[in-house]
């Protein structure tokens, strides 16, 4: 212990930690400057962004790991030097990079050296930041290009490093312009007490109702997750409070962990901010971020409606009560004391609605946090110079993961684009599915979940856009629905066994068995697996089409989700038997496809389920007195 203390206070460790904080704060200030004054040319911005990210990775995640006080070693400083050199070369030679013609101009030995160096440091940095799966995936794609195509290795390196179509492509551009700012906004809000506002607001709103703490988890995780954009971070932030509350009123640990994991995962699809992949989607579709948010809003509300209803029905089935009102904050007091901290979100949404870019809107939100926190005495104490510096450092550190994922995903995208592998894969999907849209959707769902298990949501989505979305579009799926479909399943992989990372995080807090928690999470989120099919067959659920069609789609979708929740949880006004449960589930699946016939069949099945349940209750009630009187005789 004494050695640990001595090591913790060593001058080298103190110096290295201060340097890491300085680099992280500098990264945040650089991106704030860019957001305010406008970005430089593409190579300069994207190289600088990756340079900051790589330096932070190699300094804060050293190769020598084995203790809590690990510090950068010789290997790490060598990697830092390599990262700085590889990212500085396009900036120093920006005129050369911007004016040369790909595949026409010569590629020098210096170009090749820095291209190889850049790919090495990016792959190693990604491995340290998010694990080996994504770098291994990129290496497999590169090996395929080298071994099975006739493309010259020099042209491979040229395309990857000296164009803005691969490593420096759209994913890194989105990370450098939008994502880092919204991540910084989330970190600043958390430090200024916005997280506490969300928790108190959810407690005051739902804490007293049946199964209150579980509903608090759903509401607070949905609000907080829309800002954090990370399922695991959301679990660790809100779950530390909600999971013990759920266990306290009688929920099984596995159920408590599952509720938090499912609710936290949905934050990535909940506007106004969503996750990083939403900004990439806006670039791919060539639309504003606000348009993407409008596509996502109804499916996201449906997702949380399903989780909230499942929690409510489970609480009623188990006879659970809410928390005592005396122990809960009052909604009026919460809004009076801390309600102004909703202001930064209002600022962002208002700027987007006013027509400003997502980048400028995020900047406005960031600049509004501190002044709004200073408005009232209760929140003024949260505003200190130290907290502001910490939030800037936290924002940069959190953005590093996305930057590394986007850079390595760009390598994969480069291989797919340069080799034409996307068209080949599209042909394979069409051949396997035999032009059956349902089978193609199921194959895409499985691929999305598998890819999402091995890598973060953003690169998993990017790879699917290159490989799977074209196949869906060629089978007749509307392009917006196709993009959102693959995004959903990349997100849902966080709660899908066997690699359910959000569930693992929740299990650590709930102290529950992983498999039991995972199965419970899938059952709770099952409507979420159905919703993507609903908007593929009915794009009006994405607010596409005339208002009458949209309205009918909204009504039938909410009914379908409600029927599915009742069938899965086995509770309506009381426990229901297997026959009406099957009828309710059948009604929900029929309502996936819009149309008068399917709507009528779904309504008939649901009404039949209600009548069968009512009849069975009447029969059971009529038999019960007879049995009692027979016993008396």
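One residue alone among 263, 166, 176, 256 is modelled with pLDDT of 90 or more, in a loop (DSSP other than H, G, I, E, B) and surrounded by 24 or more Cβ atoms within 10 Å (Cβ to Cβ), and that residue is 166.
All of (1) within 30 Å of residue 604 (Cβ to Cβ); (2) at pLDDT 90 or above hold for residue 520 with one exception: (1). Pairing residues of the range 595-607 that are farther than 14 Å from residue 553 by Cα with residues that are part of a helix (DSSP H, G or I), at Cβ distances under 6 Å and at least 6 apart in sequence or on separate chains, gives 601/590; 605/583; 605/586; 605/587; 606/563; 606/587.
Restricted to the range 266-294, and to residues there that are buried (at least 24 other Cβ atoms within 10 Å of the Cβ) and modelled with pLDDT of 90 or more, the residue that is farthest from residue 557 (Cα to Cα) is 280.
Of the residues in the range 179-186, none is at pLDDT 90 or above, surrounded by fewer than 24 Cβ atoms within 10 Å (Cβ to Cβ) and either in a helix (DSSP H, G or I) or in contact with a helix residue (DSSP H, G or I) (Cβ under 9 Å, 6 or more places away or on another chain) (or both). Of the residues making up the range 497-523, those that are more than 20 Å from the chain's Cα centre (by Cα) and not in a helix (DSSP H, G or I) are 511, 512, 513. Criterion applied to 311, 369 was being surrounded by 21 or more Cβ atoms within 10 Å (Cβ to Cβ), in contact with a helix residue (DSSP H, G or I) (Cβ under 9 Å, 6 or more places away or on another chain), in a helix (DSSP H, G or I) and at pLDDT below 90, and the one residue passing it is 311. Confirm whether residue 545 is in a helix (DSSP H, G or I) and within 28 Å of residue 437 (Cβ to Cβ). Here the answer is no, as residue 545 does not meet what is asked. Just one residue in the set 378, 339, 355 is farther than 30 Å from residue 173 by Cα and without any contact (Cβ under 8 Å) to a residue 60 or more places away in the chain; that residue is 378. When you check residue 216 against the structure, is it at pLDDT 85 or above, buried (at least 24 other Cβ atoms within 10 Å of the Cβ) and under 21 Å from residue 301 (Cβ atoms), yes or no? It is true that residue 216 is at pLDDT 85 or above, buried (at least 24 other Cβ atoms within 10 Å of the Cβ) and under 21 Å from residue 301 (Cβ atoms). Within the range 346-359, can one find any residue that is assigned by TED's automatic domain parsing to the domain that holds residue 485 and more than 26 Å from residue 39 (Cβ to Cβ)? Yes - at least one qualifying residue is present in the range 346-359. Residues satisfying the criterion are present in the range 481-496 (criterion: in a loop (DSSP other than H, G, I, E, B) and closer than 24 Å to residue 126 by Cα).
The values are calculated or read from the model by the stated rules, or taken from the named source; none is laboratory data. Treat the numbers as computed from the prediction; the structure is a model and nothing was measured. We place every Cβ from the backbone using ideal geometry, glycine too, and count neighbours over all the protein chains shown.
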